[in-house]
Amino acid sequence: MSTPVDADRLDRPRVLVIGVGNPYRRDDAAGRETVRRLRDRAPHVIATLEHDGEGTSLMEAWQGADLVIVVDAVSSGVAPGTVRRFDVRSEPLPAAILRDSTHAVGVPDAVELARALGRLPPRLIVYGIEGRAFDAGEALSPEVERAVDEVISRILGDVQVEGGPPADA
Amino acid sequence: MSRTRTIKVDYLARVEGEGAMYVRVRGGQVTDVQLRIFEPPRFFEGFLRGRRFSEAPDITARICGICPVAYQMSAVQAMEDVCAVPVDPQVRALRRLLYCGEWIESHALHIYLLHAPDFLGYESAVHLAKDHPAIVERGLRLKKAGNDLMTLLGGRAVHPINVRVGGFYRVPTRRELVPVTEQLKWARDAALETARWTGTLEFPHYEQDYEFVALSHPDEYAITEGRLVSNQGLDIAVREYDAHFVEEHIPYSNALHSSLKDRGAYLVGPLARYNLNFDRLSPLAREAARAAGLGPTCRNPFQSIVVRSVEILYACDEALRLIAQYVPPERPSVEVVPRAGTGYGCTEAPRGILYHRYTIDDAGFITDAKIVPPTAQNQKAIEADLRAFVDPRIDLPQETLTWQCEQAIRNYDPCISCATHFLALRVDRE
């Protein structure tokens, strides 16, 4: 899988936002929806990628980026729409809070595997959006809709603070 | 010794999809074994009805992120069967090449990240990676070689989109195959090393008299086509599948259980292919198998990790052979005119035979679809293994026994996402 990191801006920190999830399992698509809207709101500014969450290809995808932000759906029993942010360089990702991956190697495994192999990006932030519904379907729950917008604002903040000012923003 | 005990794993780790295991022991004997598949059923067969015949490869590829090529290949074969489409030999070769990529990718993932930790006493690939980073890196790089081949021929790494009924949308030039050729040469060496390494692992002493079922082809190690054969006399054309195999609902599983009529459980996958088609492996693969301690037959499912290594080696070898002989076909595909009828397809997915059957009408709309994935076919064999494996080991400490049972399930590289199937909802009320 090619890494859609803009090679023309090598002087700037390379930022990649990855939205993980299944587009046909309602709130599980929260991560994907985040990067879709981010693309609409800030086109050509931040490299984005929609991903199914298979861990080993996730590790491939973030190779070469300086700041990686992963957005995934969470099912931990708190109020739907709750947003949690993890700075993965300084703390392990609590495997139990991310929605059970149907992949043998999921997002938390990818993070820890990358850590063990010295393949973590210099900065890695994971946002978890608590979902309400994970059955078959495409619409997000209203709380998750709002959470997606909140995460987008926070990502834009992260990019300002940690990734340097985005070009042309 | 406890006379009554239960071995239970509520959430099986290191398998694709969501499943559980339940083994019940009473009076020192195994009385019940259940492999429970509870991933929500996926209504693919119903969903296909009313869609165009040409959509089947791309729709069914969505069933599995690990083996989408298998779904595409069985689907195109069935549709080309019903529409009587002649397949260009170079298109056939390219499909086989694409399939080699999927075998490499899928087997590398299973060997290094899912199965090896069992043999080396690690809880997970992460723990393995901390102590043996070079081994895990080799596995990841091997997997990537398979992925890159799939990306080149399939259009993208996950859910390839380049295969169509009648051929491909676009075929590569010879020059485009050069970078992947260099990668495959490295992969072939790494696969040799993998076979050597897995051959040194310690395997529980356990053998069963399985009925192995696989495709068999006179001239090649069957991947994309062949007759369905077994070591107990089965030898049929793919279109005769339904006359010999049955599927049934089991209350505790969302996946249908397959069996051979009047015979019962059978085993599909690397072990079956190896036992039935050993003599059609490349000389290099056969030699590596022998060096790793395997004979031409292998009835110990724990050694499937060695067999998978041999198959990766074969897939690299075969891919390089196919690339060396490749001449781009004049046209990437032929025009396909739908005609009413039923078509049959069966190919060797990494985990074993994947059967598709479609009926379409004159306008090319699908009126009926049937898909039988390998893991559904292996469920009975997995349960029989658990039963036979646990019986002489009942006195082992709970933790050890549970670990070994999980390992016995992982021998099959079960893909529960694939196996999940429509289950009729039944409510019993007095």
Which one is nearest to B:A237 (Cα to Cα), of the residues in region B:185-216 that are of a type in the set (F, W, Y) and outside any loop (DSSP other than H, G, I, E, B)? B:F212
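Please find, within region A:9-27, the residue that is modelled with the lowest pLDDT out of those that are buried (at least 24 other Cβ atoms within 10 Å of the Cβ) and over 25 Å from B:I59 (Cβ atoms). First the steps, then the outcome.
The first filter runs over region A:9-27 and keeps only residues buried (at least 24 other Cβ atoms within 10 Å of the Cβ), leaving A:15-21, A:27.
Filter again for over 25 Å from B:I59 (Cβ atoms), leaving A:15-18.
Numbers: A:V15: 91, A:L16: 94, A:V17: 95, A:I18: 96.
Ranking the candidates gives A:V15 first.
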Subset of region B:147-175 [within 11 Å of chain A (Cβ to nearest Cβ) and buried (at least 22 other Cβ atoms within 10 Å of the Cβ)]: B:N147, B:M150, B:A157
Of all residues in region A:41-54 being within 14 Å of chain B (Cβ to nearest Cβ) and charged (D, E, K, R), which is surrounded by the most Cβ atoms within 10 Å (Cβ to Cβ)? A:E54
Under 6 Å by Cβ, and 6 or more places apart or on different chains, what pairs join a residue from region B:8-26 that is free of Cβ contacts under 8 Å to residues at least 24 places away in the same chain and within 7 Å of chain A (Cβ to nearest Cβ) with one that is β-branched (V, I, T) and surrounded by fewer than 22 Cβ atoms within 10 Å (Cβ to Cβ)? none
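Assigned to a loop (DSSP other than H, G, I, E, B) and either modelled with pLDDT of 90 or more or within 11 Å of chain B (Cβ to nearest Cβ) (or both): which single residue out of A:S57, A:S90, A:S101 fits that description?
Details: A:S57 fails: assigned to a loop (DSSP other than H, G, I, E, B); A:S90 fails: either modelled with pLDDT of 90 or more or within 11 Å of chain B (Cβ to nearest Cβ) (or both).
After applying the criteria, what remains is A:S101.
Going through B:A363, B:A349, B:A340, B:A388 one at a time, which residue ends up being closer than 27 Å to B:T31 by Cα and hydrophobic (A, V, I, L, M, F, W, C)?
Numbers: B:A363 fails: closer than 27 Å to B:T31 by Cα; B:A349 fails: closer than 27 Å to B:T31 by Cα; B:A340 fails: closer than 27 Å to B:T31 by Cα.
It is B:A388.
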Can you tell me which residue among B:R339, B:R331, B:R351 is surrounded by 18 or more Cβ atoms within 10 Å (Cβ to Cβ) and in contact (Cβ under 8 Å) with a residue 40 or more places away in the chain? B:R351
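Any residue at all in region B:255-263 that's in a loop (DSSP other than H, G, I, E, B), touching a Ser or Thr at 6+ places or on another chain (Cβ under 6 Å), surrounded by 18 or more Cβ atoms within 10 Å (Cβ to Cβ) and in contact (Cβ under 8 Å) with a residue 60 or more places away in the chain?
In the first step, residues of region B:255-263 are kept if they are in a loop (DSSP other than H, G, I, E, B); the result is B:255-256, B:261-263.
If we keep only those that are touching a Ser or Thr at 6+ places or on another chain (Cβ under 6 Å) too, we end up with B:255.
Narrowing the set further to residues that are surrounded by 18 or more Cβ atoms within 10 Å (Cβ to Cβ) leaves B:255.
Then drop every residue that is not in contact (Cβ under 8 Å) with a residue 60 or more places away in the chain, which leaves B:255.
The answer is yes, given that some residue of region B:255-263 is in a loop (DSSP other than H, G, I, E, B), touching a Ser or Thr at 6+ places or on another chain (Cβ under 6 Å), surrounded by 18 or more Cβ atoms within 10 Å (Cβ to Cβ) and in contact (Cβ under 8 Å) with a residue 60 or more places away in the chain.
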Under the condition of being surrounded by fewer than 24 Cβ atoms within 10 Å (Cβ to Cβ) and over 19 Å from B:R196 (Cα atoms), which residue from region B:129-146 is nearest to the other protein chains (Cβ to nearest Cβ)? B:K130
If you scan region B:51-66, which residues turn out to be modelled with pLDDT under 90 and more than 19 Å from the chain's Cα centre (by Cα)? none
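Any residue at all in region A:28-40 that's of a type in the set (S, T, Y), surrounded by 24 or more Cβ atoms within 10 Å (Cβ to Cβ) and within 14 Å of another protein chain (Cβ to nearest Cβ)?
Initial filter on region A:28-40 (of a type in the set (S, T, Y)): A:34.
Now restrict to residues that are surrounded by 24 or more Cβ atoms within 10 Å (Cβ to Cβ): A:34.
Now narrow it down to the ones that are within 14 Å of another protein chain (Cβ to nearest Cβ): none.
So far as region A:28-40 goes, no, none of its residues is of a type in the set (S, T, Y), surrounded by 24 or more Cβ atoms within 10 Å (Cβ to Cβ) and within 14 Å of another protein chain (Cβ to nearest Cβ).
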Evaluate the following for B:R156: is it over 30 Å from B:A289 (Cβ atoms), under 23 Å from the mean Cα position of the chain (by Cα) and not small (G, A, S)? yes
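For region B:371-384, does any single residue satisfy the condition of being in a loop (DSSP other than H, G, I, E, B) and surrounded by fewer than 16 Cβ atoms within 10 Å (Cβ to Cβ)? I'd like the intermediate steps shown before the answer.
Going residue by residue through region B:371-384, those that are in a loop (DSSP other than H, G, I, E, B) are B:373.
Then keep just the ones that are surrounded by fewer than 16 Cβ atoms within 10 Å (Cβ to Cβ); that gives none.
For region B:371-384, residues in a loop (DSSP other than H, G, I, E, B) and surrounded by fewer than 16 Cβ atoms within 10 Å (Cβ to Cβ): absent.
Can you work out which of the residues in region B:159-184 that are aliphatic (A, V, I, L, M), under 23 Å from the mean Cα position of the chain (by Cα) and outside any strand (DSSP E or B) is nearest to B:R62 (Cα to Cα)? Break it down into steps so the answer makes sense when it comes.
Step one: list which residues in region B:159-184 are aliphatic (A, V, I, L, M), which gives B:161, B:163, B:165, B:171, B:177-178, B:180, B:184.
Those left that are additionally under 23 Å from the mean Cα position of the chain (by Cα): B:161, B:163, B:165, B:184.
Filter again for outside any strand (DSSP E or B), leaving B:161, B:165, B:184.
Values: B:I161: 10, B:V165: 17, B:L184: 27 Å.
In this case the residue turns out to be B:I161.
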B:A408 - would you say it is among the small types (G, A, S), within 23 Å of the chain's Cα centre (by Cα), in a helix (DSSP H, G or I) and modelled with pLDDT of 95 or more? no
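Looking only at region B:303-328, how many residues end up being farther than 30 Å from B:H205 by Cβ, of a type in the set (S, T, N, Q) and buried (at least 24 other Cβ atoms within 10 Å of the Cβ)?
First, the residues of region B:303-328 that are farther than 30 Å from B:H205 by Cβ: B:316-328.
Remaining after also requiring of a type in the set (S, T, N, Q): B:325.
Filter once more, keeping what is buried (at least 24 other Cβ atoms within 10 Å of the Cβ): none.
Counting residues in region B:303-328 that are farther than 30 Å from B:H205 by Cβ, of a type in the set (S, T, N, Q) and buried (at least 24 other Cβ atoms within 10 Å of the Cβ) gives 0.
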Residue that is surrounded by the most Cβ atoms within 10 Å (Cβ to Cβ) [pool: residues in region B:176-191 that are among the hydrophobic types (A, V, I, L, M, F, W, C) and out of contact with any helix residue (DSSP H, G or I) (no Cβ under 6 Å at 6 or more places or on another chain)]: B:W186
Tally of residues being part of a loop (DSSP other than H, G, I, E, B), of a type in the set (G, A, S) and more than 14 Å from chain A (Cβ to nearest Cβ) across region B:74-128: 2
Scan region A:127-146 for residues that are in contact with a Leu (Cβ under 9 Å, 6 or more places away or on another chain) and surrounded by 24 or more Cβ atoms within 10 Å (Cβ to Cβ) and jot them down. A:G128, A:G131
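The values are calculated or read from the model by the stated rules, or taken from the named source; none is laboratory data. Everything numeric in this text was worked out from a predicted model, so none of it was measured. Please note: Cβ atoms are built from the backbone with ideal geometry, for glycine as well, and neighbour counts cover all protein chains shown.
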